[in-house]
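I have placed the structure first, in the form of structure tokens, so that the comments after it can refer back to it.
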Amino acid sequence: MSDLRKELNNILDGKRLTPYFQPIISLSNKKILGYEALIRGPIDSALHTPFSLFNAADKYDLSTKLEFLCLKITLKRYVDLDIKEKLFINASPRVLLESGFNKNKTLNLFDCYGINPQSIVIELTEHASVDDYEIIRTYVQYYRSMGFQIAIDDFGAGYSGLRRWAELLPEYVKIDKYFIRDIQKDWTKLNIVRSIQDMANTLNCEIIAEGIENQAELQSIEKIGIAYAQGCYFAQPMATPNSGIDHSLFSATSVHSQDLEYDLFNTIAVKFIIQKIMSIPSSTHISDVMSVFKNSRELRHPS
């Protein structure tokens, strides 16, 4: 047995995992909607980070065992901390579909700890491809019928994001932090996030912007109309999270009401948006003008 597998088995057998909690903030009432649970291995272990921990579990076919243990430890800590807000828990669709991840066994955990399913949001990660949408949709409908809500995590960073949204119709979609980073300086990210928000409005879904790290990013996503935010700007993941949020973090967002495009203009040099436009003498025949349009890919012409 390899040293890494032995270490993983020792962690799982000894239940040496610690849940951390990061708040998800409602921007309308400036309160905590809920907490995302994030798991950590022993601090002195090579499997301390979630990335290394779950990669090792995938490698040695222990993902189901790991995810169920994470759920059990997280629920116990959630109850011990007497958290009243929602709990967002991560689950990979692939593991949900495995026979070892028994639905009744999972639901019994919530009964054991006296947790109302309406307090739980199941975050489905996008980092693994799922081909059998019919089965995963059946699982989602089952959990939803029990009172759970569904979220798509890291939207835009993984596989078949739009199809998964259409198939599962989640209550929440969490935009991957890549699209939020420096959004106030990036027209492409701005328009992608705005389009996602427009789709959410149509599909009766709430958007959560992940990875907010500064006030400028917060202002930008708030002006787009995004309802919820998460990131280190508000709080780091903690084993014992704060029960409230410093309201001074929001002070600037309520003072400034300039258009987002205007703010973005202030950060971009003219050379990046200027375009050279062809000029045509007024004596040019219309037929020649039409030829110019038709022969130039950069110009539009009447069809």
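The values are calculated or read from the model by the stated rules, or taken from the named source; none is laboratory data. In this text, all values refer to a predicted model and were calculated from it rather than measured experimentally. Cβ: placed from backbone, ideal geometry, glycine included. Neighbour counts: every protein chain shown.
Some points to look at:
- One residue alone among LYS30, LYS65, LYS76 is surrounded by fewer than 19 Cβ atoms within 10 Å (Cβ to Cβ) and either farther than 22 Å from LEU109 by Cα or under 22 Å from the mean Cα position of the chain (by Cα) (or both), and that residue is LYS30.
- Condition met for ASN55 (more than 23 Å from the chain's Cα centre (by Cα) and either modelled with pLDDT of 95 or more or farther than 29 Å from GLY244 by Cα (or both)): no
- Residue within segment 12-33 that is of a type in the set (Gly, Ala, Ser) and touching a Phe, Trp or Tyr at 6+ places or on another chain (Cβ under 8 Å) present: yes
- Of VAL121, VAL95, all but one fail to be at pLDDT below 90, surrounded by 12 or more Cβ atoms within 10 Å (Cβ to Cβ) and within 29 Å of LYS177 (Cα to Cα); the exception is VAL95.
- Cross-chain or 6+ apart pairs with Cβ under 7 Å, segment 12-32 first and on the phi < 0 side of the Ramachandran plot, then loosely packed, with under 15 Cβ neighbours inside 10 Å and at pLDDT 95 or above: THR18/ALA239; TYR20/MET238; TYR20/ALA239; PHE21/MET238
Conditions tested, residue by residue: (1) closer than 17 Å to LEU12 by Cβ; (2) touching a Gly at 6+ places or on another chain (Cβ under 9 Å).
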site: SER52; (1), (2): yes, yes
site: THR64; (1), (2): yes, yes
site: CYS70; (1), (2): yes, no
site: VAL79; (1), (2): no, yes
site: ILE83; (1), (2): no, yes
site: ILE89; (1), (2): no, no
site: LYS103; (1), (2): no, no
site: ILE120; (1), (2): no, yes
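- Top-ranked residue in segment 35-50 [being without any contact (Cβ under 8 Å) to a residue 24 or more places away in the chain and in contact with a Gly (Cβ under 9 Å, 6 or more places away or on another chain); ranked as farthest from ASP153 (Cα to Cα)]: HIS48
Results for (1) under 23 Å from LYS30 (Cβ atoms); (2) hydroxyl-bearing (Ser, Thr, Tyr); (3) touching a Cys at 6+ places or on another chain (Cβ under 7 Å); (4) assigned to a helix (DSSP H, G or I), shown as yes or no for each residue.
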position: TYR143; (1), (2), (3), (4): no, yes, no, yes
position: ARG164; (1), (2), (3), (4): no, no, no, yes
position: GLY211; (1), (2), (3), (4): yes, no, no, no
position: ALA216; (1), (2), (3), (4): yes, no, no, yes
position: GLU222; (1), (2), (3), (4): yes, no, no, yes
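- Filter result for ILE207 (surrounded by 19 or more Cβ atoms within 10 Å (Cβ to Cβ) and assigned to a strand (DSSP E or B)): yes
- Residue-level check: of (1) surrounded by fewer than 18 Cβ atoms within 10 Å (Cβ to Cβ); (2) in a helix (DSSP H, G or I), ALA157 misses just (2).
- Segments classed as strands (runs of 3 or more DSSP E), wholly inside segment 1-94, with at least 1 members that are among the hydroxyl-bearing types (Ser, Thr, Tyr): 18-26, 31-40
- Residues (touching a residue at least 60 places away in the same chain (Cβ under 8 Å) and basic (Lys, Arg)) located in segment 178-221: LYS185
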